[in-house]
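To keep things clear, I will list the structure first and then write my remarks on it.
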Amino acid sequence: MHQEIFDLSGRVAVVTGASKGLGKAIAHALAAGGADVALYARNKEELEAVKASVESLGRRAEASCVDVLDKQAIDENVKATVRAFGHIDILVNNAGVNVRKPVLEFTSEEWDLVLNTNLKGYLLMAQAVVPDMLSRGYGKVINMASILGTVGLPSQVAYASSKGGVMQMTKVMALEWAKRGIQVNAIGPTYFETPLVAQLRNDPERYGFIVDRTPMGRWGQPEELAGLVIFLASRASDFITGQTIFIDGGWTIW
Ligand SMILES: NC(=O)c1ccc[n+]([C@@H]2O[C@H](COP(=O)([O-])OP(=O)(O)OC[C@H]3O[C@@H](n4cnc5c(N)ncnc54)[C@H](OP(=O)(O)O)[C@@H]3O)[C@@H](O)[C@H]2O)c1
């Protein structure tokens, strides 16, 4: 196996939700693989810290304050990223939120927030980025799904619906661009230790349930996404499209 097929040198990636958690780890992984990275999220201070850490890996980074609920901001910032870097090769749709509540207590506003951030935001980002990829005949889109895209858990009605939607969106995007050099795949993580799940981490009963439910008996660490992200972003995965690859310590196999 030649290591060059994993090489991301000269590639430019956009990562949404790059200010913390898995997005930050993804930005670091892509930079370690050789890519320059445009970091999108809302928190300027946290983005600047991630930018500095990517630069310390010897790669170029730009931090952009972008709300994925705001189509105009997306379109303007993607244009600015293309101007700054010349092109975009890799889009990682990662920004996400969750509201955990029983079905009967969910408000319309909470539903809209989760579905619009986790699903519509991915659509709007792809609509802004992929035309440039199509014109060059090359691109990798990686959508962040979840084990909750395929299994259910109580109090996850909007989140699980959004992640199931991400898996289906991934298939449709993959089909539409399959003959035009773009591969679209999704990553389906189990529980990883990030701010999104801080509440669960601090609840011994919920933490223990997740450990017990996982064949490998533990949570994931953000750095453990690196290999899969580099694989899906690189030429190593050129004949794979429309798939969701679960990184879950075995959760979804039983
Ligand atoms: N951690 C897990 O256990 C786990 C498991 C399965 C799937 N995932 C998925 O992985 C992704 C990242 O999760 P995480 O655990 O890293 O979450 P996190 O630590 O809460 O980070 C979420 C990221 O999304 C950004 N974000 C949220 N709303 C946004 C918006 N409207 N516009 C732009 N950026 C926005 C946040 O940045 P700002 O606040 O700065 O905007 C932040 O960078 C999500 O899609 C999540 O569903 C996570």
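Mind running the shape call on the stretch 1-118? Use the C-alpha gyration tensor, a ≥ b ≥ c as the square roots of the eigenvalues: rounded below 1.5 for a/c, prolate if a/b tops b/c, oblate otherwise. Taking the square roots of the gyration eigenvalues as a ≥ b ≥ c, the stretch 1-118 is prolate.
For the pair Leu123 and Arg136, the difference between a 0.36 nm per residue extended length and the Cα-Cα distance amounts to 2.7 nm.
Which ordering of Trp219, Trp111, Trp254 is given by a fewest-first count of other beta-carbon atoms within 10 Å? Please list the in-between numbers first.
Working: Trp219 19, Trp111 16, Trp254 6.
By the 10 Å Cβ count, ascending: Trp254, Trp111, Trp219.
Can you give the local net charge around Gly137? Use residues other than it whose beta-carbon is closer than 12 angstrom to its beta-carbon, Lys and Arg +1, Asp and Glu -1. Charge balance near Gly137 sits at +1. Dividing the helix sum by the residues of the chain, where each DSSP H run of 4 or more adds -39500 (n - 2.57), gives a mean residue ellipticity at 222 nm of -13000 deg cm²/dmol.
Would you please state the base-10 log of I(q)/I(0) at q = 0.20 1/Å for the stretch 115-254, with intensities from the Debye formula using one equal scatterer on every alpha carbon? Debye output, listed in q order: -1.23. The residues Tyr207, Tyr122, Tyr191, when put in order of fewest to most other Cβ atoms within 10 Å, stand as Tyr207, Tyr191, Tyr122. Taking the Cα centre of each part, how many Å lie between the stretch 214-235 and the stretch 118-197? That distance is 16 Å.
Gain on full extension, evaluated as 0.36 nm per residue between Glu105 and Glu46 minus their Cα-Cα distance, stands at 18.0 nm.
For the chain, the longest principal axis of the Cα atoms and the long axis of helix 121-136 meet at an angle of about 30 degrees. Computed from Cα positions, the angle between helix 204-213 and the longest principal axis of the chain comes to roughly 70 degrees. Each label was represented as a point 7 Å from its Cα along the Cα-to-Cβ direction; for Arg218 and Ser155 these points are 2.6 nm apart.
Send over the per residue convex hull volume for the stretch 21-90, Cα only, as a whole number of Å³. Kindly include the intermediate steps, with their values, before the conclusion.
Details: hull volume 5.8 nm³, N = 70.
So the per-residue Cα hull volume is 83 Å³.
Distance between the pseudo-spin-label points of Lys79 and Phe209 (7 Å out from Cα toward the beta carbon): 4.7 nm. Taken over the alpha carbons of the chain as equal point scatterers, the Debye sum produces base-10 log I(q)/I(0) values at 0.14 Å⁻¹ of -0.91.
Need one word for the stretch 89-160: rounded, prolate or oblate. Basis is the Cα gyration tensor (sqrt eigenvalues a ≥ b ≥ c); a/c below 1.5 gives rounded, then a/b vs b/c decides.
Values: a/c = 4.38, a/b = 2.32, b/c = 1.89.
Prolate shape, in that a/c is at least 1.5 and a/b is the bigger ratio.
Which entries of Lys71/Lys101; Lys51/Lys101; Lys101/Lys140; Lys44/Lys101; Lys44/Lys179 have Cα-Cα distances beyond 32 Å here?
Values: Lys71/Lys101 28 Å; Lys51/Lys101 35 Å; Lys101/Lys140 34 Å; Lys44/Lys101 30 Å; Lys44/Lys179 38 Å.
Over 32 Å apart, Cα to Cα: Lys51/Lys101; Lys101/Lys140; Lys44/Lys179.
Of the residues Val157, Val37, the one with the fewest other Cβ atoms within 10 Å heads the list, and the complete ranking is Val157, Val37.
Within the P(r) computed for the stretch 69-130, what percentage of the Cα pairs occupies the region above 15 Å? List each step's numbers first, then the result.
Values: 1063 of 1891 pairs.
The calculated P(r) of the stretch 69-130 puts 56 percent of pairs beyond 15 Å.
Here each label is just a point 7 Å from Cα along the line to Cβ, and for Arg180 and His2 those points are 2.9 nm apart.
All of the numbers you see were taken from the coordinates with simple rules; none came from a lab. All values reported here derive from a predicted model rather than from experimental measurement. Cβ: placed from backbone, ideal geometry, glycine included. Neighbour counts: every protein chain shown.
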